[in-house]
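What follows is a set of notes on a single structure, which appears directly below.
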Amino acid sequence: MMSISSKIVGYGHCVPQKVLTNDDLSKIVDTNDEWISTRTGIKSRHIANNETTSDLAANAAKMALINAGIDVSDIDLVVLATITPDYTTPSTALVMANKLGIREGVPAFDISAACSGFIYALTQADNAIRLGQASKALVIGAETLSNITDWTDRGTCVLFGDGAGAVVLEATDNPEETNVLATRIFADSKHIETLKTNGGVSTTKSSGFIQMDGKEVFKYAVNALANGAEKALEKAGLNANDVDWLLPHQANIRIIDGTAQKMGFDKAKVLTNIANHGNTSAASIPLTLSQKVNDGTVKKGDIVLLTSMGAGFTWGGAVLKI
Ligand code: ACO
């Protein structure tokens, strides 16, 4: 029986123009560049001014479509991961679809899985393609976390940034062309209180701000990131030696380094953009991936191991052959 699988044919990204440096932050809260740099690896982040999440998503998606050489009229599925939607309803996927001119009848929906959002979204789109329900899908991670950041809390406001990343997935019946080799997603609801917003529609009737127990998140993150990566590798039938690049969710350089060390990856094999973007949640993986593919760091044929962990807790991994 002929089986269908998916290949990524285009990568795109977009960040807001405004840049907030650590020195800028030190004028807003009691902090300094030295503390932020050594504890997190972050030097600056992009912050939305007038841009909405759907604006960033639409620009990233347009770039991915151009990169793929695919017309927007050919897209037959849109999956967008975000925890900072433009509206409570309709979905940001639909608002973005309207901006892009996605044709009538094409399903578009949001995924809420915090920093694991992109791997969750990729999994759903890959599954839809494998089931023959879609042939060309846009998969996007987009956030304006600055809107749910408490700018008076120095313990969290230094960590986050805004941005978007996108890929175009295409169905193929040629196993040689498949490049989404495996996806795995997980969650554990025991940890819903450890990292959350202090509000929401049906509780406080507002979106709230991010609050977290940073040390608890830190402890869990390294194990979860390693676990997501290992499970995805196992499913792909590969091992760590086959991997050219590890691309972990960009939460904190110490978490990234800890994960690489736990998995036995040399730092030179780890893709990061945290220094100039901070933690962009669902956008962090596709944003980094698009930057590194488009600047030539990641080359055709390279095996890239994605892994993420976020509020919930959620986590997951994916193996790509670029
Ligand atoms: N500037 C200066 N001092 C600060 C700042 C700041 N921005 N923030 C906290 N401090 C102070 C604290 O008040 C504390 O002071 P005290 O000792 O006088 O009480 C001191 O620095 C140490 O604070 P800790 O919270 O113990 O610092 P820690 O080393 O744990 O680092 C951090 C904090 C960076 C948040 C760390 O716990 C972390 O990275 N956790 C992971 C959280 C994360 O990445 N979350 C993102 C979302 S989750 C995800 O994406 C997977």
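The values are calculated or read from the model by the stated rules, or taken from the named source; none is laboratory data. Everything numeric here is computed off the predicted structure, so don't read it as measured data. No Cβ is skipped: glycine too gets one built from the backbone with ideal geometry, and neighbour counts run over all protein chains shown. Heads up: the accessible areas ignore ligands, DNA and RNA and are worked out on the full protein's heavy atoms, side chains in. Shrake-Rupley method; radii C 1.70, N 1.55, O 1.52, S 1.80 Å.
Some points to look at:
- Among the residues of the stretch 1-48, the ones that are in a loop (DSSP other than H, G, I, E, B), touching a strand residue (DSSP E or B) at 6+ places or on another chain (Cβ under 9 Å) and either open to solvent by 50 Å² or more (accessible area, probe 1.4 Å) or not small (Gly, Ala, Ser) (or both) come to 9 in all.
- Qualifying residue in the stretch 256-263 (condition: closer than 28 Å to residue 5 by Cβ and touching a residue at least 24 places away in the same chain (Cβ under 8 Å)): yes
- Screening residue 284 with (1) open to solvent by less than 10 Å² (accessible area, probe 1.4 Å); (2) under 26 Å from residue 46 (Cα atoms); (3) under 13 Å from the mean Cα position of the chain (by Cα); (4) away from the ligand (no atom under 11 Å from the Cβ) gives one miss only, at (4).
- Whichever residue in the stretch 295-315 is polar (S, T, N, Q) and either part of a strand (DSSP E or B) or at pLDDT below 95 (or both) and, among such residues, is farthest from residue 163 (Cα to Cα): 314
- When the stretch 90-130 is limited to residues that are in contact (Cβ under 8 Å) with a residue 12 or more places away in the chain, away from the ligand (no atom under 16 Å from the Cβ) and part of a loop (DSSP other than H, G, I, E, B), the one that is surrounded by the fewest Cβ atoms within 10 Å (Cβ to Cβ) turns out to be 101.
- Some residue of the stretch 141-154 being of a type in the set (Val, Ile, Thr), in contact (Cβ under 8 Å) with a residue 24 or more places away in the chain, more than 20 Å from residue 16 (Cα to Cα) and outside any loop (DSSP other than H, G, I, E, B): no
- Yes/no for residue 232 being in contact with a Ser or Thr (Cβ under 9 Å, 6 or more places away or on another chain), within 16 Å of the ligand (Cβ to nearest atom) and in contact (Cβ under 8 Å) with a residue 24 or more places away in the chain: no
- Candidates 268, 318, filtered to the one that is more than 16 Å from the ligand (Cβ to nearest atom), at pLDDT 95 or above and crowded, with 24+ Cβ neighbours inside 10 Å: 318
- Matching entry among 183, 149, 144, 172 (being within 14 Å of the ligand (Cβ to nearest atom), at negative phi, open to solvent by less than 20 Å² (accessible area, probe 1.4 Å) and of a type in the set (Ser, Thr, Tyr)): 149
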